[in-house]
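Could you have a look at this structure, given as structure tokens, before my questions?
Every read-out reported here was derived from the displayed coordinates using simple, explicitly stated rules and does not represent laboratory data. The model shown is predicted, which means the values in this text are computed figures rather than measured ones. Every residue, glycine as well, gets a Cβ built from its backbone with ideal geometry; the counts of neighbours run over all protein chains shown.
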Amino acid sequence: MKSNSMKIAVLSGKGGTGKTLVSVNLACVAERAIYIDCDVEEPNGHLFFKPVYVSGENITIRMPSVNDTLCNGCRKCVDFCKFNALAFIKGRPYVFDDVCHSCGGCILVCPEKAMTETEKIIGEVKKGVSGNVAVNTGILKPGEESGVPIIKKLLESCEADENLLTIIDCPPGSNCVVMESIKDADYCILVAEPTLFGVHNLSMVYELVKLFNKPYGVVLNKCLDGENPAEKFCMEKNVPILGRILFDNELGKLNSDAKIAVRESEKYRIMFLSLLETVLKEVKNMGFGCGY
Amino acid sequence: MKIAIPVDDKSMESSVCPSFGRAPYFLIYDNTTNENYFLDNGAVASQGGAGIKAAQAIVDNDVNTLLTPRCGENAEEVLSKAVIKIFKTIPGTAQQNINAFVAEQLVLLKDFHPGFHGHEKQ
């Protein structure tokens with residue numbers, strides 16, 4: 001991390017808790033920000049930003065393919081593949097693309113150099129601009145196995161420059177794509193709903209960020225009067241609560257109209273600015289030097 | 001002709017295993033010599049690609065015909081490339097299915113389900 005830049009990942013154990021609401025609005029209240037949509041299976045940040053696109057790039061993975069004239073049928077590639085992505089039939093190996101993990105092992109073990117690599121497009125990264133925010137979106141093609149290569153590309157391309165806030169809008173859950181998304185984050189914001197189901201999912205991402213040794217805090221979204229099980233969870237586990245967003249018709253309406261609340265209303269601008277300040281203060285307390 | 005059946009136990013009286021790729025054993029039966037043996041399915045605990053690996057074992061044992069209740073798309077691709085016919089089993093033991101096959105009472109399996117691609121545990 002450079003001294004005056006910071007990467008904040010926003011995650012939650014399930015979809016629909018408000019990751020994108022928090023991410024988009026935090027990016028907008030920062031002076032300059034990059035918003036990175038790592039929810040590559042269902043990216044939706046762009047619906048709010050409506051960015052002017054400046055570039056697009058296809059993302060490929062490498063797939064082995066067999067050169068029949070070079071292959072001597074020794075079967076070493078098939079025996080090597082731990083993913084069972086190769087079958088050996090009538091003296092010839094066959095590749096199953098949807099099972100292949102692109103490890104390249106079959107290419108290494110082939111003594112005849114009969115295994116070559118071909119590129120397969122699995123999705124794209126689109127970059128655009130919306131006011132003070134650079135908007136980078138990853139899109140995985142339907143039916144493709146894993147969004148990890150797209151997320152890797154998204155995050156390597158955001159080499160942060162000075163005074164730039166990076167907001168990483170993570171996929172829901174706590175699986176590989178989430179791990180890839182938070183790997184280089186300086187801080188994790190967990191967004192939680194005030195339900196028992198919400199607490200279950202919160203506890204999953206809580207375990208994950210602890211495992212990754214990331215500093216973290218919780219934003220309680222959709223807060224109602226009465227008991228909040230997610231808040232209780234935070235109290236019990238001594239998890240810092242960064243802010244509370246009320247279950248609020250006006251905010252819900254703006255959001256469902258794909259409008260960015262902080263760009264529409266001073267009230268929400270102040271609310272998210274205060275949330276951002278709290279987050280930055282938390283990060284400072286964790287010993288990060290930051291320039292905000 | 002060599003016939004393979006996914007089975008739950010190493011016995012001709014075993015029930016047919018509902019899964020092809022994850023079956024614990026395969027019965028390999030030769031109806032010309034009346035000999036049989038059982039194969040441990042190395043794919044039973046595979047993280048992914050179990051159907052491909054199981055089908056590979058069937059191919060490697062020079063099987064001509066597979067009798068199974070279900071089969072995935074990837075396994076079907078391997079088996080069809082190796083020109084192995086796939087028939088749908090009927091309720092009953094392995095022996096009863098062999099008898100039914102010999103009596104031409106089994107029909108070709110037509111539906112092949114999509115693979116799980118490592119998602120089984122999610």
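Can you compute the FRET efficiency between A:Y94 and A:F197 using 1/(1 + (r/R0)^6), with r the Cβ-Cβ distance and R0 = 56 Å? Round to the nearest 0.05. Can you show the working numbers first?
Working: r = 44 Å, r/R0 = 0.78.
For R0 = 56 Å, the calculated efficiency reads 0.80.
Take the alpha carbon gyration tensor of the range A:181-288, find the square roots of its eigenvalues, order them as a ≥ b ≥ c, and report rounded if a/c is under 1.5; if not, report prolate when a/b exceeds b/c, else oblate.
Numbers: a/c = 1.87, a/b = 1.27, b/c = 1.47.
Oblate.
Give me the dipole magnitude in Debye, nearest 20, for the protein assembly as shown about the Cα centre, with unit charges on the beta carbon: positive for Lys and Arg, negative for Asp and Glu.
Numbers: 43 positive and 51 negative charges, 88 e Å.
Computed about the Cα centre, the dipole is about 420 debye.
Using θ = phi - 60° and the Karplus relation 6.51 cos²θ - 1.76 cosθ + 1.60, list the HN-Hα couplings for the range A:201-216 in order, rounded to whole Hz, with x at every Gly or Pro.
6, 4, 5, 5, 6, 4, 4, 5, 5, 5, 4, 8, 6, 9, x, 8
Let me ask something additional. What does the charge count near B:D111 come to, summing +1 for each Lys or Arg and -1 for each Asp or Glu among other residues with Cβ under 12 Å from its Cβ? Spell out each step's value before the answer.
Numbers: positive: B:R70, B:K88, B:K110; negative: B:E73, B:E76.
Spelling it out: positives minus negatives among the neighbours equals +1.
Which one, A:I167, A:V66, A:C77, is farthest towards the positive end of the dipole of the protein assembly as shown when Lys and Arg carry +1 and Asp and Glu -1 on their Cβ?
Ranked along the dipole, the leading option is A:I167.
Where does the charge balance sit around B:T68 when Lys and Arg score +1, Asp and Glu -1, over other residues with C-beta under 14 Å from its C-beta? All intermediate terms of the calculation are to be shown ahead of the outcome.
Working: positive: B:R22, B:R70, B:K85, B:K88, B:K110; negative: B:D8, B:E73, B:E76, B:D111.
Charge balance in the 14 Å sphere: +1.
In terms of modelled amide H atoms, which long-range or inter-chain residues lie less than 5 Å from the amide H of B:F87?
Correct list: B:L66, B:L67, B:T68, B:L109.
Moving on. In deg cm²/dmol and to the nearest 500, what is the mean residue ellipticity at 222 nm of the protein assembly as shown if only DSSP H runs of at least 4 residues count, each as -39500 (n - 2.57), divided by the residue total? Each step should come with its number before you reach the end.
On the way: 14 runs with 128 residues, N = 414.
It comes out at -9000 deg cm²/dmol, rounded to the nearest 500.
Only four residue types carry charge here, +1 at the Cβ of Lys and Arg and -1 at the Cβ of Asp and Glu. Report the dipole size of chain B about the Cα centre in Debye, rounded to the nearest 20. Numbers along the way, then the final one.
Values: 10 positive and 14 negative charges, 51 e Å.
It works out to roughly 240 debye.
How high is the relative contact order of chain A, given as a whole-number percent (alpha carbon pairs under 8 Å, six or more residues apart)? Working shown, then result.
Details: 606 pairs, mean separation 81.2, N = 292.
It rounds to 28 percent for chain A.
So for the pair A:F247, A:M235, with labels modelled 7 Å out along Cα→Cβ, what separation do we get in nm?
Modelled inter-label distance: 1.9 nm.
Send over the semi-axes of chain B's equivalent ellipsoid, whole angstrom and largest first, taken as the square roots of 5 times the C-alpha gyration tensor eigenvalues. Don't jump to the answer; show the numbers that get you there.
Details: eigenvalues 94, 43, 37 Å².
So the three semi-axes of chain B are 22, 15, 14 Å.
Taking θ = phi - 60°, what integer Hz values does the Karplus form 6.51 cos²θ - 1.76 cosθ + 1.60 yield along the range A:17-27, in sequence order, with x for Gly and Pro?
Going residue by residue, I get 7, x, 4, 5, 4, 5, 4, 4, 6, 5, 4 Hz, with x marking Gly and Pro.
Just to confirm a number: summing +1 for Lys and Arg and -1 for Asp and Glu over residues other than A:N67 whose beta-carbon lies under 9 angstrom from that of A:N67, what do you get?
Details: positive: A:K113; negative: A:D68, A:E112.
Around A:N67, the charge tally is -1.
For A:K82, give me every one of the lysines with a C-alpha distance below 17 angstrom, ignoring sequence neighbours fewer than eight places off in its own chain.
B:K53
While we're looking at this one, here's another question. Run the numbers on the range B:11-122 and let me know its relative contact order in percent, using alpha-carbon pairs under 8 Å that are six or more apart. Numbers along the way, then the final one.
On the way: 175 pairs, mean separation 32.2, N = 112.
Over the range B:11-122, the number comes to 29 percent.
Determine the percent antiparallel among the DSSP beta bridges restricted to the range B:10-93, to the nearest 5. If you can, show how the numbers build up before the last one.
Values: 7 of 11 bridges.
In the range B:10-93, DSSP labels about 65 percent of beta bridges as antiparallel.
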